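Single-structure report; data block below.
The values are calculated or read from the model by the stated rules, or taken from the named source; none is laboratory data. What you are looking at is a predicted structure, and each value in this text was computed from that prediction instead of being measured. Using ideal geometry, Cβ is built from the backbone for each residue, glycine included, and neighbour counts are taken over all protein chains shown. Heads up: the accessible areas ignore ligands, DNA and RNA and are worked out on the full protein's heavy atoms, side chains in. Shrake-Rupley method; radii C 1.70, N 1.55, O 1.52, S 1.80 Å.
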Amino acid sequence: MENARQWLAAARSVAVLTGAGISAESESPTFRGPNGLWRNNKPEQLATPEAFARDPHMVWEWYDWRRSVHAGKEPNAGHHALAALERGKSEFLLITQNVDSLHERAGSRAVVHLHGSVWRVRCLECGREEANEQVPLVPLPPRCECGGMQRPAVVWFGEQLPQRELQAAVNAARQVEAFLVVGTSSLVYPAAALPRVALESGARVIEVNPEATDLTPHAHAYLKGFAGEILPALLSQ
Ligand code: BV8
Ligand code: ZN
């Protein structure tokens, strides 16, 4: 822990990659954790364009349920520690795979959502994307002012990530001195490739996770434990 603390304190430029694990202590269900299932459907089967085309109402019921779960959650000490870290660095980027807004609500500013947000919707007809924080959603599916049906503005399996956000994340992984990876199973690509880009570019890579992942053997430091406990100690000035 001491090495990782020193690397992060000394680094002028830092990027952080987070996954569902950082929201776990806000009692937000992780994707693949024990409560990750929903009505016996696996997320990989539901979070797809095919599932939505087949049954938009059922997929929207799932997102409406997740939005209602997220709406009641507060950022935890891990989110707040990352917001404080940002304030102390001249170059900083928080890259999240999460589709909740807990980082923003903890005060993080330079946040890039690689997989979109459950709090934004996009019209299938005219393509207009807008914020929608209504819980529960009425009507379901939500409708655009043009009359078109709206979909969740998230990235489903098999869909391209938003190019601007992905490019910003790759640029950061190439340039920063320290790359912190928190609460991700490192299974989903291309997000999971970012720590490798950082390693190849000479950054110090530090992983925080209660379980080892494919990244663990390659990280310069692996801190075993919960983000809400480790990050405040790791990042305290
Ligand atoms: C794409 C949004 C190009 C929707 C999500 C075979 C090999 C390699 C890749 C592929 C392959 N087959 C298919 C692919 C591509 C696929 C992919 O990677 N699949 C994986 C499953 C193998 N990727 C894609 O399809 C991507 N697009 O590649 O486009 C393309 C285009 C056309 C054709 C081909 C290619 C799109 C990926 C985005 C999918 N959308 N979500 C929604 O949320 O509804 S992904 C979903 O998983 C979530 O966004 C989540 O963020 C993401 C990753 O999961 P994690 O965040 O890591 O969460 P998880 O539950 O897995 O893990 C939690 C971790 O936290 C655990 O490690 C746990 O130990 C830890 N933890 C628990 N508690 C704590 C904690 N850590 C700290 N503190 C705690 N307290
Ligand atoms: Zn429209």
Condition test on GLN167, is it more than 13 Å from ligand 1 (Cβ to nearest atom), open to solvent by 40 Å² or more (accessible area, probe 1.4 Å) and touching a Pro at 6+ places or on another chain (Cβ under 9 Å)? no
May I ask you to verify whether SER90 is surrounded by 18 or more Cβ atoms within 10 Å (Cβ to Cβ) and either closer than 21 Å to VAL59 by Cα or more than 16 Å from ligand 1 (Cβ to nearest atom) (or both)? no
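Just to be sure before I move on: is ARG32 touching a Leu at 6+ places or on another chain (Cβ under 8 Å), at pLDDT below 95 and open to solvent by 60 Å² or more (accessible area, probe 1.4 Å) in the structure I sent? Give the steps one after another, and end with the answer.
Working: touching a Leu at 6+ places or on another chain (Cβ under 8 Å): yes; at pLDDT below 95: yes; open to solvent by 60 Å² or more (accessible area, probe 1.4 Å): yes.
Yes: the conditions hold for ARG32.
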Looking at segment 137-144, can you tell me whether even one residue there is surrounded by fewer than 18 Cβ atoms within 10 Å (Cβ to Cβ), within 19 Å of ALA47 (Cα to Cα) and in contact with a Phe, Trp or Tyr (Cβ under 6 Å, 6 or more places away or on another chain)? yes
Exactly one condition in (1) of a type outside the set (Ser, Thr, Tyr); (2) over 30 Å from GLU27 (Cβ atoms); (3) outside any helix (DSSP H, G or I) is false for ARG174; which is it? (3)
Conditions (1) assigned by TED's automatic domain parsing to the domain that holds PRO139; (2) modelled with pLDDT of 95 or more; (3) open to solvent by less than 10 Å² (accessible area, probe 1.4 Å); (4) among the aliphatic types (A, V, I, L, M): number failed by ALA53: (3)
Within segment 113-136, of all residues that are under 21 Å from ALA71 (Cα atoms) and within 16 Å of ligand 2 (Cβ to nearest atom), the one least open to solvent (accessible area, probe 1.4 Å) is VAL121
